[in-house]
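A.B. asks: Structure provided below as structure tokens; questions to follow.
The values are calculated or read from the model by the stated rules, or taken from the named source; none is laboratory data. This structure is a prediction, so every number in the text was calculated from the model and none was measured. Neighbour counts are summed over all protein chains in view; Cβ atoms, including those assigned to glycine, are modelled from backbone coordinates with ideal geometry. SASA here: full protein model, heavy atoms, side chains in, ligands and nucleic acids out. Shrake-Rupley method; radii C 1.70, N 1.55, O 1.52, S 1.80 Å.
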2 protein chains.
Amino acid sequence: MSTETQPIIPSPEFVEDFIKQLTFNDDGLIPAIAQQHDTGEVLMMAWMNETSIRETLSNYRVCYWSRSRQSLWRKGESSGQVQMLKAFRVDCDADTLLLEVDQTGPACHTGRRTCFYRVVEGSTLKTDSEPLIDPSTLYGK
Amino acid sequence: MSTETQPIIPSPEFVEDFIKQLTFNDDGLIPAIAQQHDTGEVLMMAWMNETSIRETLSNYRVCYWSRSRQSLWRKGESSGQVQMLKAFRVDCDADTLLLEVDQTGPACHTGRRTCFYRVVEGSTLKTDSEPLIDPSTLYGK
């Protein structure tokens, strides 16, 4: 059992007021960067809509909006690789979110810890991390 | 004088091929996250177009596309707070960039190190970092 301090869930009134301060794009979405809270690794970037923000702030388990599936994307729901929210940040222009998270296992659908595993090195695009888990087993349940 | 290894500038052919692999939005833009290379701080998120990617990879000084000004935004050109590129990463879907940078001073127009200085704490939105530089002096030249 964890002895960590539990987050204080914000009131629904605060969440609605907070959402009103955000700038969403024409599709009603706002980009959200996920960063591992203790190591600083940037894991992924995804999108949130109002509903996914409400859900994330209600239970501190990260929920995005999937643009490809056009549905709520409860991170880890099918793979088990959940993201627990540690801190919910917003930038100066209120048009980008930074989620400090505790990521179980890989964040990337390729089985890698981070989605940013390709880097320009001279005139090559190098892959510099390998899968933690065989991706064929990630969604095989 | 720095004794650091200088980056190997990619060839124009590689850059054109690399750009072809990226997914830009309907405005021809791709989001780029800037992270301080040695501390892991997420500094800001901005947008790049093909031209700004070409320029950034030609001199390793970060250049974005300013959506508000509709022009190239050579980070630090007016404020002096430049971003030197240390590594140029792309995610699994090739629709988000992660730039590992060396940021001089504040990345944020408010004079703060990072744009993500506001955090949800219970039912309040707390500012948890202060300006390094008075913002009124940042663009006062």
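A.B. asks: Quick check on my filter: what residues within the stretch A:125-141 are in a loop (DSSP other than H, G, I, E, B), among the hydroxyl-bearing types (Ser, Thr, Tyr) and open to solvent by 60 Å² or more (accessible area, probe 1.4 Å)? Can you show your working first?
C.D. replies: Taking the stretch A:125-141 first, the residues in a loop (DSSP other than H, G, I, E, B) are A:128-134, A:139-141.
Now narrow it down to the ones that are among the hydroxyl-bearing types (Ser, Thr, Tyr): A:129, A:139.
Residue satisfying the conditions is A:139 alone.
A.B. asks: Right, here's the next one. For residue A:10, work out the one condition from (1) open to solvent by 40 Å² or more (accessible area, probe 1.4 Å); (2) in a loop (DSSP other than H, G, I, E, B) it doesn't fulfil.
C.D. replies: Condition (1) is where residue A:10 drops out.
A.B. asks: Please state which of the following conditions residue B:70 fails to meet, knowing it meets all the rest: (1) open to solvent by 60 Å² or more (accessible area, probe 1.4 Å); (2) more than 17 Å from the chain's Cα centre (by Cα); (3) not hydroxyl-bearing (Ser, Thr, Tyr).
C.D. replies: (2)
A.B. asks: Another question, then. Residue under question is residue A:47, and the condition is that it be hydrophobic (A, V, I, L, M, F, W, C), free of Cβ contacts under 8 Å to residues at least 24 places away in the same chain and surrounded by 18 or more Cβ atoms within 10 Å (Cβ to Cβ); does it hold? I'd like the intermediate steps shown before the answer.
C.D. replies: Details: hydrophobic (A, V, I, L, M, F, W, C): yes; free of Cβ contacts under 8 Å to residues at least 24 places away in the same chain: yes; surrounded by 18 or more Cβ atoms within 10 Å (Cβ to Cβ): yes.
Yes, satisfied.
A.B. asks: I would also like to ask the following. Could you please let me know if residue A:104 is open to solvent by 50 Å² or more (accessible area, probe 1.4 Å) and in contact with a Lys or Arg (Cβ under 8 Å, 6 or more places away or on another chain)?
C.D. replies: On the way: open to solvent by 50 Å² or more (accessible area, probe 1.4 Å): yes; in contact with a Lys or Arg (Cβ under 8 Å, 6 or more places away or on another chain): no.
Here the answer is no, as residue A:104 does not meet what is asked.
A.B. asks: To continue, here is another question. Having 3 or more residues that are more than 30 Å from residue A:11 (Cα to Cα) and at the interface with chain A (Cβ under 7 Å from one of its Cβ atoms) is the bar; report the strands (runs of 3 or more DSSP E) wholly within the stretch B:51-124 that clear it.
C.D. replies: Working: elements: B:63-66, B:71-74, B:83-90, B:97-103, B:118-121.
In the stretch B:51-124, B:83-90 are the strands (runs of 3 or more DSSP E) which contain 3 or more residues that are more than 30 Å from residue A:11 (Cα to Cα) and at the interface with chain A (Cβ under 7 Å from one of its Cβ atoms).
A.B. asks: To continue, here is another question. Search the stretch B:1-29 for residues being more than 9 Å from chain A (Cβ to nearest Cβ) and closer than 16 Å to residue B:100 by Cα, and hand back the single one that is modelled with the lowest pLDDT.
C.D. replies: B:4
A.B. asks: Select from the stretch B:81-111 the residues that are without any contact (Cβ under 8 Å) to a residue 40 or more places away in the chain and of a type in the set (Gly, Ala, Ser) and list them in ascending order.
C.D. replies: First, pick out the residues of the stretch B:81-111 that are without any contact (Cβ under 8 Å) to a residue 40 or more places away in the chain: B:82, B:84, B:88-89, B:91-92, B:104-106, B:109-111.
Once the filter is applied, which keeps residues that are without any contact (Cβ under 8 Å) to a residue 40 or more places away in the chain and of a type in the set (Gly, Ala, Ser), the stretch B:81-111 yields B:105, B:111.
A.B. asks: Out of (1) within 13 Å of the chain's Cα centre (by Cα); (2) more than 23 Å from residue B:114 (Cα to Cα), what's the single condition that is false for residue A:50?
C.D. replies: Answer for residue A:50: the failing condition is (1).
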